[in-house]
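Below is one structure; the comments refer to it alone.
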Amino acid sequence: MSYDFHVGQKVVCIDDKFKHVSIDQLIRKGTIYTIRWVGEYTHYVDGTFIGVKLAEIHRGNDDGPEGYGAADMPYRASRFRPLVKDKIGALRKLLAPGPEGVGEKKVRKKEEV
């Protein structure tokens, strides 16, 4: 999956469930946030992923009973999607014709002899 996120962008949380974690991770499904950082992040337990940090949340040090010692660890970008203000307009873009010849069926004209 590709992520086209940028700093200052509004996103909405689509996944606030964390397996095997009992500590509140602060994000809420359906809530809108602002990205303050986006990039590749490597965590020694979770591996490498594209992460985002949110302007509304500073996670602090992850040094609790289930913590891994990370400072202000980002959330996986897959937990968010860009906020779409004009949903109908976004759907119209999907239906708009592309460059000439792209996605069009070629129909052979009937020849007369």
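Tabulated data
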| read-out | value |
| --- | --- |
| Looking only at region 70-93, and only at residues there that are basic (Lys, Arg) and closer than 28 Å to Gln25 by Cβ, the one that is modelled with the lowest pLDDT | Lys87 |
| Pick from region 23-56, criterion in a strand (DSSP E or B) and among the small types (Gly, Ala, Ser), ranking: surrounded by the fewest Cβ atoms within 10 Å (Cβ to Cβ) | Gly47 |
| Of all residues in region 11-22 being surrounded by 14 or more Cβ atoms within 10 Å (Cβ to Cβ) and of a type outside the set (A, V, I, L, M), the one that is nearest to Lys85 (Cα to Cα) | Cys13 |
| Residue count, region 4-15 (criterion: assigned to a loop (DSSP other than H, G, I, E, B) and in contact with a Ser or Thr (Cβ under 8 Å, 6 or more places away or on another chain)) | 3 |
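The values are calculated or read from the model by the stated rules, or taken from the named source; none is laboratory data. Since the structure is predicted, the reported quantities are computational estimates derived from the model, not experimental observations. Using ideal geometry, Cβ is built from the backbone for each residue, glycine included, and neighbour counts are taken over all protein chains shown.
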